[in-house]
Each structure stands twice: as C-alpha cells, then as structure tokens.
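The values are calculated or read from the model by the stated rules, or taken from the named source; none is laboratory data. Please read these numbers as outputs of a predicted model, since none were measured by experiment. Cβ placement follows ideal geometry from the backbone for every residue including glycine, while neighbour counts extend to all protein chains displayed. Note: accessible area is taken over every heavy atom of the protein model, side chains too, but ligands, DNA and RNA are not part of it. Shrake-Rupley method; radii C 1.70, N 1.55, O 1.52, S 1.80 Å.
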Amino acid sequence: MLRKEEILLIIYFILVILFLAGFTVIFFITYQRRKNKILKEKYEAEQNFKAELSNVRLEIQEATLKNVSWELHDNIGQLLSVASMQLNLLNKKVAEENKKGFQEVKGLVASSLAEIRALSRSLNNEVIDYVGLEASVKNEIDRFNRLEVIDAELEIEGTPFQVNQEDSIILFRILQEYFTNVIKYASASRLEVKFTYGQEFLEIRAVEDGRGFDAEAESSGSGLINMRSRAEIINTEFDLNSSIGKGTSLSLRYPTKNTKNE
C-alpha cells in the first residue's frame, strides 16, 4: 500500500515538473514572439520615420532648386535679355573699328543667356517631368560639351520605356550630383553615360577618367550619403566605385516594375 502511494507521489511530482516545464516553454515562446513583434514594429517605425524624413528633405531640396531656377530665369535671365536688346540697339552706333569687340560682347551675352536658361531647366523638376529622364540627361551632356568643360557622351541601348515622373527626378538628381562632383573635383577629360533598357531593370552607368578618390575614406561624405539615400527611396541599386588615379564610376539599377508600363 505504501509503495503504491510512493508511486502516485512520484507520478504527481513528474506531472507537476512537466507542467512547469511546459508552462515555462510556452511563456518563453510567447515572450519571444511578443519581443520580436515589438522589435519589428520599432524597426518598421524607424524605417517609416527615415523614409518620411528623406521625403521631406527631398521636397525641401526640390522646392529650393525650383526657386533658384525661377530666380535664374526671371531675374538674371531677364537682365541678360535686356542687355542683349540694348546691345542690338547700340549696334548701329558703334564705330567700325570697335565692331569686332562689340560683336564678341554680344556673343558672350547671348551665350550667357542660353546657359542660364539651360541651367534653369536642369534645376526645375517640372521641366524634368515634362521632357523625361533621358532628355534631361542629354541636355546636361550637351551643356558640358557646349561649354567644353569635359568631353561627354550619352549612349542608349535597348528599347526605351517611360519612367515614373517622381522617380525620374530622383534618378536625375543622383546623376546631377555625380556630374557636379566630376566637373568640380575630378579633373576628368572624358565622361561616358550609358542607359541600358532591359526587361527587369533600367541600368544607368556613368564613368569618368579623372583622378579618383579613396572610396572607403569618403564613404561618409554628405554627397555620397545623399545619392545613396535617394536611390533607396525608389528601390534602386546604387554602386559608386573609385580609386586614386583611376577615375570614378556610378552604377544604378532601377527596377522596371516601378515604371508606368507595369
């Protein structure tokens, strides 16, 4: 009889231990799930905040660029237009020996007016919306060649398709940041830009033969961070490679699923 009670007691303790063990496992699993859910929500909230912050920053930058574009067109452009008209009026009154110098001044004012208008168009996102990404980049390439600041070329491969207007602006601003750095710092003589239209991606590659830089040392630069953050907003793969003495290349892979045709 005593042995039977001992066996029942042992079974009872075993059941209690199993119950406690099961409760502990269930509690741990529930705790981990709750913890993971909180961490996931926190991560998503941080990502949403970063995305909103990036969007606000881009909106501010675009508004600033648009204002600068208007100022160039309405103020400086108008002043140069008036100067050009005044020169035309004075043309008949200029002495013959001064004609050559006068014509050079007229040409300089006309060229300045044309470049101001071209720069104004490149800064205004409404113009980029209207003409599209490819045409906007071509305008920049043509402007570089016209000013003879660098020998630039644009190559198109594949069948072109329309890119979303908002995405076109972001892609163009990334390229514009790259172009600006090339002109200001690279001391390059050659710039090649290639658009490759594929079924899954639009690949944009830009290469220059300048002095290059240490990419690892400059990885925290504001310009690089700005380009990368813009690319992330539109789910575009971004790659910038450079080494001292070997130039700098930029590669963008924009998914075709983001286009209007999809």
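Here is a list: 168, 112, 120, 136. Which entry is at pLDDT below 70 and hydroxyl-bearing (Ser, Thr, Tyr)? I'd like the intermediate steps shown before the answer.
Working: 168 fails: at pLDDT below 70; 112 fails: at pLDDT below 70; 136 fails: at pLDDT below 70.
Only one candidate passes the filter, namely 120.
Condition first: at pLDDT 75 or above and either open to solvent by less than 60 Å² (accessible area, probe 1.4 Å) or not in a helix (DSSP H, G or I) (or both). Now tell me which residues in region 212-230 satisfy that. Can you show your working first?
Keep residues of region 212-230 that are at pLDDT 75 or above, which gives 212-214, 224-230.
Residues satisfying the conditions are 212, 213, 214, 224, 226, 227, 229, 230.
Scanning region 183-193 for any residue that is charged (D, E, K, R) and within 16 Å of the chain's Cα centre (by Cα) turns up nothing. Against the conditions (1) assigned to a helix (DSSP H, G or I); (2) out of contact with any Leu (no Cβ under 9 Å at 6 or more places or on another chain); (3) modelled with pLDDT of 90 or more, residue 141 satisfies every one except (2). Inclusion of residue 233 among residues that are at pLDDT below 90, under 30 Å from residue 110 (Cα atoms) and open to solvent by 30 Å² or more (accessible area, probe 1.4 Å) is not warranted. Before we move on, is residue 135 closer than 30 Å to residue 111 by Cα, part of a helix (DSSP H, G or I) and either in contact with a Gly (Cβ under 9 Å, 6 or more places away or on another chain) or of a type in the set (A, V, I, L, M) (or both)? Yes. Counting just the residues of region 142-165 that are open to solvent by 70 Å² or more (accessible area, probe 1.4 Å) and in contact (Cβ under 8 Å) with a residue 40 or more places away in the chain, which one comes out farthest from residue 203 (Cα to Cα)? Checking each candidate, the answer is 151.
Of all the residues that make up region 183-195, how many are outside any strand (DSSP E or B) and touching a strand residue (DSSP E or B) at 6+ places or on another chain (Cβ under 7 Å)? Give the derivation first.
Pass one, region 183-195, residues outside any strand (DSSP E or B): 183-189.
Then keep just the ones that are touching a strand residue (DSSP E or B) at 6+ places or on another chain (Cβ under 7 Å); that gives 186, 188-189.
Residues flagged as outside any strand (DSSP E or B) and touching a strand residue (DSSP E or B) at 6+ places or on another chain (Cβ under 7 Å) within region 183-195 amount to 3.
For region 183-200, the tally of residues that are without any contact (Cβ under 8 Å) to a residue 60 or more places away in the chain and open to solvent by less than 50 Å² (accessible area, probe 1.4 Å) stands at 6.
In a strand (DSSP E or B) and open to solvent by less than 70 Å² (accessible area, probe 1.4 Å): is that true of residue 180 in this structure? Here the answer is no, as residue 180 does not meet what is asked.
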